[in-house]
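S.K.: Right, I'll just put the structure down here and ask away after.
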Amino acid sequence: MSLEERMDALIEKGMAFTADDLTNQGEITYAGSHDANGSNSGIGSMFSRERKAGRIEAVGYANSTSPRRKGNVIRVWQPVK
């Protein structure tokens, strides 16, 4: 399943989610790389596009559970009803 399909599925569930949910705790990357400011910036772009399209809205923050993120703060998103 592509990241776009994963995003659609998360939105269709109707529950709040984070980038960790989208990327399976950082195991799935946008273009197969974890390079700093590299391909994973595409994931942020996906969230931005979905927000601008009115499909999701930011509803808070959470600590990441991805080992790669080491507990950094990430956005919590919710589908717009």
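The values are calculated or read from the model by the stated rules, or taken from the named source; none is laboratory data. Source: prediction; values computed, not measured. Virtual Cβ from ideal backbone geometry, glycine too; neighbours counted across all protein chains shown.
S.K.: Can you name every residue in region 52-70 that is free of Cβ contacts under 8 Å to residues at least 12 places away in the same chain and either basic (Lys, Arg) or within 13 Å of ALA19 (Cα to Cα) (or both)?
M.R.: Once the filter is applied, which keeps residues that are free of Cβ contacts under 8 Å to residues at least 12 places away in the same chain and either basic (Lys, Arg) or within 13 Å of ALA19 (Cα to Cα) (or both), region 52-70 yields LYS52, ASN63, LYS70.
S.K.: Take the residues in region 6-24 that are assigned to a loop (DSSP other than H, G, I, E, B) and either among the charged types (D, E, K, R) or free of Cβ contacts under 8 Å to residues at least 60 places away in the same chain (or both), then tell me which one is surrounded by the fewest Cβ atoms within 10 Å (Cβ to Cβ).
M.R.: Here the answer is ASN24.
S.K.: All but one of (1) of a type in the set (Val, Ile, Thr); (2) touching a helix residue (DSSP H, G or I) at 6+ places or on another chain (Cβ under 6 Å); (3) modelled with pLDDT under 95 hold for ILE56, so report the exception by its number.
M.R.: (3)
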